[in-house]
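The values are calculated or read from the model by the stated rules, or taken from the named source; none is laboratory data. Predicted model, so just to flag it, every value in this text is computed and none were measured. Remember, those area values only see protein heavy atoms, side chains included, never the ligands or the DNA or RNA. Shrake-Rupley method; radii C 1.70, N 1.55, O 1.52, S 1.80 Å.
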Amino acid sequence: MVLSLDRWVGKVAVVTGASSGIGAAIAQFLVDKGLIVAGLARRYELVDAKAKELSGKTGKLYAIKTDLAKEEDILNAFKWIEENLGHVHILINNAGLFKDNLLRNGDAALWKQIFDVNVLGLCIATREAIKIMSANNINGHIIHINSVVGHKVLPFPGINVYPATKHAVTALTETLRHELNAVNSKIKTTSISPGLTDSEMTTLNTELSQERQNLFKSLPALKGEDVAEAVGYVLSTSENVQINELTITPVGE
C-alpha cells in the first residue's frame, strides 16, 4: 500500500474543534500536506493565529467562528466554506466537550451541552458535508474523532455522560456507513479512537480536581500529532479501501 495524500492536495477539509489539542494538530498536518483547511471553533482567534503562523505553506488554514452546539452556526460555516473555499472533500469531526460531573447528582444542563456538541453537532456537520459531497459527486471522507471510551467505560468517577456520547459516535459511524452503502455512495466513513491524549480536556485541564490532574499526568499519553498522523494514514488509503475503526493508544496504556 502506497501511503500518499497527493489526491487531496488543494481540496477542502473541514476540521471542527480546531483551536487546540488534537484539532489544531490535525489542521496543521493537513495544511502541511497541501490541503485547504477550514478550522471551525468557538475560539476562532486561536485558529486565526495558527493560520498566520502557517502562512507560506502549500496549503492554507481559514478560521471560522463556530459553536458546534448551535445548528445555525454550523449551517453558516458550511455556507461560507462553499461560497469562499470550494466544495468540501473531507470532514474531521473532532470537536468534543467534557466536564467533570456525576450521574447520581449531576447537572442536566451540563449533560445536554455535552450531547449537543459531541453527538448532535457531529451529526449536523456530517449531514451538511454529505449534502455537498453528494451534490457534486465527490468521493469524500468523513472521519469522527472518537475515543477508547466509545468502546468501553473506564472506572473513572466523574466522566458522567461522556462515554455515552462516544458510544453514540461509534454507533453513528456504523449507521452512516450502512446508509451510504444503501445508496451506493463512495463516501468513506471512519471512527478514530485514541487513548489518553494530551489536551485541554485531559492532561492540560486545570478545571479538574488536583487528584484527577495528578492521575492524568501519571499515565502514558498520546500527542495531538500522533492522532493527526492516524488521520493521515486513513486518508492515504486507496479509494477501494475503507478503515471503519482505528484505535490507537500510547505504549503502556
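For the chain, the longest principal axis of the Cα atoms and the long axis of helix 44-53 meet at an angle of about 60 degrees. Helix-only arithmetic for the chain: the sum of -39500 (n - 2.57) across DSSP H runs with n ≥ 4, divided by the residue total, places the mean residue ellipticity at 222 nm at -12500 deg cm²/dmol.
Taking 1 over the mean of 1/r across every pair of different Cα atoms in segment 145-218, what Kirkwood radius in Å do you get?
Numbers: mean 1/r = 0.0712 Å⁻¹.
Kirkwood hydrodynamic radius for segment 145-218: 14.1 Å.
Across segment 38-126, C-alpha contacts under 8 Å between residues 6 or more apart give a mean separation that, scaled by the residue count, equals a relative contact order of 28 percent.
Accessible surface ranking for Glu45, Glu211, 1.4 angstrom probe, highest first: Glu211, Glu45. The relative contact order of the chain, computed from alpha carbon pairs under 8 Å that lie at least 6 residues apart in sequence, is 20 percent. Against the chain, whose longest principal axis comes from its Cα atoms, helix 162-182 is set at around 30 degrees.
With N counted as the residues of segment 86-127, its alpha-carbon radius of gyration over 2.2 N^0.38 Å works out to 1.48. On a per residue basis, the chain carries 48 Å² of accessible surface, using protein heavy atoms and a 1.4 Å probe. Pairwise inverse Cα distances across segment 6-152, averaged and inverted, put the Kirkwood hydrodynamic radius at 15.6 Å. Taking only alpha carbon atoms, segment 1-76 gives an Rg to Rh ratio of 1.00, where Rh is the Kirkwood radius. With viscosity 0.890 mPa s and temperature 25 °C, the Kirkwood radius over alpha carbon pairs of segment 169-253 converts through Stokes-Einstein to a diffusion coefficient of 165 µm²/s. Of the two radii for the chain, the radius of gyration is 0.95 times the Kirkwood radius, both from the alpha carbons; that is the Rg over Rh value. Rounded to the nearest Hz, the phi-derived 3J(HN,Hα) couplings of segment 22-38 under the Karplus curve 6.51 cos²θ - 1.76 cosθ + 1.60 (θ = phi - 60°) are 4, x, 5, 5, 5, 4, 5, 4, 5, 4, 4, 8, x, 8, 8, 10, 9, where x marks glycine and proline.
Close amide-amide hydrogen proximity is noted between Val37 and Ala13, Lys60, Leu61, Tyr62, each under 5 Å apart and 5 or more residues distant or on a separate chain (H modeled in the peptide plane; Pro and chain starts excluded).
For segment 117-179, the Cα-based Rg and Dmax, in that order, read 13.7, 46 Å.
Between the alpha-carbon centers of segment 129-188 and segment 55-81, tell me the distance in whole angstrom. The distance from the Cα centre of segment 129-188 to that of segment 55-81 comes to 20 Å.
Cα convex hull, segment 78-220: 127 Å³ per residue, rounded to a whole number.
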